[in-house]
Amino acid sequence: MDFKAIAMGLAFALMWSSAFTSARMIVADAPPLTALALRFLVSGLIGIMIATALGQSARLTRAQWRATVIFGICQNALYLGFNFVAMQWIEASMAAIVASTMPLLVALAGWLIFRERLAPLGYAGLIAGMVGVGIIMGHRISDGVDLMGLLFCGIGVLALTFATLSVRGASSGGNLLMIVGLQMLVGSALLAVAALALESWDVNWTPRLGLAFAYTTLVPGLLATWVWFLLVARIGAVRAAAFHFLNPFFGVAIAALLLRESLTLWDVAGVVIIAAGILAVQISRVARAPVS
């Protein structure tokens, strides 16, 4: 893995993790599904316009169209939709911790469903990750965390896990920014239907809302997704996923810094154990992956 790939991975992890804090700011002043649908509409149109200016085409391969639809539904509409709704009731750090378990869930599903064998380090990582989650969940539930919000985050991360397991070939064949833009529009269309059916237009216009919306639209929404696909194309999905071990650290740290969310020793211990588990699983998978 070269320096450029490491820099891309660090940038992706930081941008991805920051999305929970900015989302928490948005849902404090705007209906979550409506705000998310508008975010994806703006992000998608900007992405498509830039892709067109760069000479990219919407003539995608079958694998790319499949990836576009699946990720548009599972990642953008379901995963982020459930997370935005959940963050009306739970803290950004809690949402980030739940979402960061995705690599563990992917490895667990690969073992249970597809009979993919792991090295002993991988099994140890799965156990450690579950222990870390148990520590945080037990502490937060005893402190009265909103169970509905927690359930929504869980449903969201399961949707993202399904998309990750289902999609192959999204980063091959070029037109990466076009794919990103089209995914955003798929998510926007589905979320707009849900927003019209479930929400009313009740917005508290504040400078924080405007800044958070602009940041979420351009950075985690568009730039981070594009960087992720470039990283996957450069080093492969298995090696790229190793950077997810940073997400619990970054997600909790950013929420504590910007939102002044409190952290206990139980939270810190759980985050460290989860991150170690994710790293162990990914190291074991990288060791078994073919060289890109």
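Can you compute the charge dipole magnitude of segment 108-242 about its Cα centre, using +1 on each Lys and Arg Cβ and -1 on each Asp and Glu Cβ, nothing else charged? Give it in debye, rounded to the nearest 20. Numbers along the way, then the final one.
Values: 7 positive and 5 negative charges, 121 e Å.
The calculated dipole for segment 108-242 is roughly 580 debye.
Please give the Cα centre distance for segment 172-223 versus segment 88-161, rounded to the nearest Å.
Taking the Cα centre of segment 88-161 as reference, the centre of segment 172-223 is 25 Å away.
Determine ³J(HN,Hα), in whole Hz, for all residues of segment 273-282 in sequence, where each value follows from phi through the Karplus function 6.51 cos²θ - 1.76 cosθ + 1.60 and θ = phi - 60°; x replaces Gly and Pro.
5, 4, 4, 5, x, 4, 4, 5, 4, 5
How high is the relative contact order of segment 3-288, in percent, counting Cα pairs under 8 Å that sit 6 or more residues apart?
Details: 447 pairs, mean separation 121.3, N = 286.
Normalised by residue count, the contact order of segment 3-288 is 42 percent.
How much FRET efficiency would the formula 1/(1 + (r/R0)^6) give for I50 and E199, where r is the Cβ-Cβ distance and R0 is 22 Å, rounded to 0.05?
Details: r = 30 Å, r/R0 = 1.36.
Efficiency, rounded to the nearest 0.05: 0.15.
Which ³J(HN,Hα) values, rounded to whole Hz and listed in residue order, are derived for segment 132-148 from phi using the Karplus coefficients 6.51, -1.76 and 1.60 in 6.51 cos²θ - 1.76 cosθ + 1.60 with θ = phi - 60°, glycine and proline given as x?
Couplings: x, 4, x, 4, 5, 5, x, 5, 5, 5, 5, 8, x, 4, 5, 6, 5 Hz.
Just name one of L246, V232, A11: the one whose Cα is farthest towards the positive end of the charge dipole of segment 3-288 (beta-carbon charges, Lys/Arg +1, Asp/Glu -1).
With unit charges placed on the Cβ atoms, the residue in question is V232.
Assigning unit charges at the beta carbon (Lys, Arg +1; Asp, Glu -1) and nothing else, what dipole magnitude in debye, to the nearest 20, does segment 185-270 show about its Cα centre?
Details: 4 positive and 4 negative charges, 73 e Å.
Dipole about the Cα centre, nearest 20: 360 debye.
What does the net charge come to around I179 if you take all other residues with beta carbon closer than 12 Å to its beta carbon, with K and R at +1 and D and E at -1? Can you show the working numbers first?
Numbers: positive: R59, R66; negative: none.
With Lys, Arg at +1 and Asp, Glu at -1, the neighbours total +2.
So if I average 1/r over every pair of distinct C-alpha atoms in the chain and take the inverse, what Kirkwood radius in Å does that give? Let's see the in-between values first.
Working: mean 1/r = 0.0522 Å⁻¹.
Roughly 19.2 Å, rounded to one decimal.
Hey, what do the phi angles of segment 251-256 turn into as Karplus ³J(HN,Hα) couplings, whole Hz, using 6.51/-1.76/1.60 and θ = phi - 60°, x for Gly and Pro?
x, 5, 5, 5, 5, 5
Based on Cβ point charges of +1 for Lys and Arg and -1 for Asp and Glu, what charge dipole magnitude is obtained for the chain about its Cα centre, in debye rounded to the nearest 20? Walk me through the numbers before you get to the answer.
On the way: 16 positive and 10 negative charges, 218 e Å.
It comes to approximately 1040 debye.
Given the DSSP H assignment, sum -39500 (n - 2.57) over each helix run of at least 4 residues in the chain and divide by its residue total; what's the result at 222 nm in deg cm²/dmol, nearest 500?
Helix contribution divided over all residues of the chain: -24000 deg cm²/dmol.
Laboratory data are not the source of any read-out in this text; all were calculated from the coordinates shown. Just so it is clear, the structure is predicted and the values come from calculations on it, not from any experiment. FYI the Cβ positions are ideal-geometry reconstructions off the backbone, even for glycines, and counts take in every protein chain you see.
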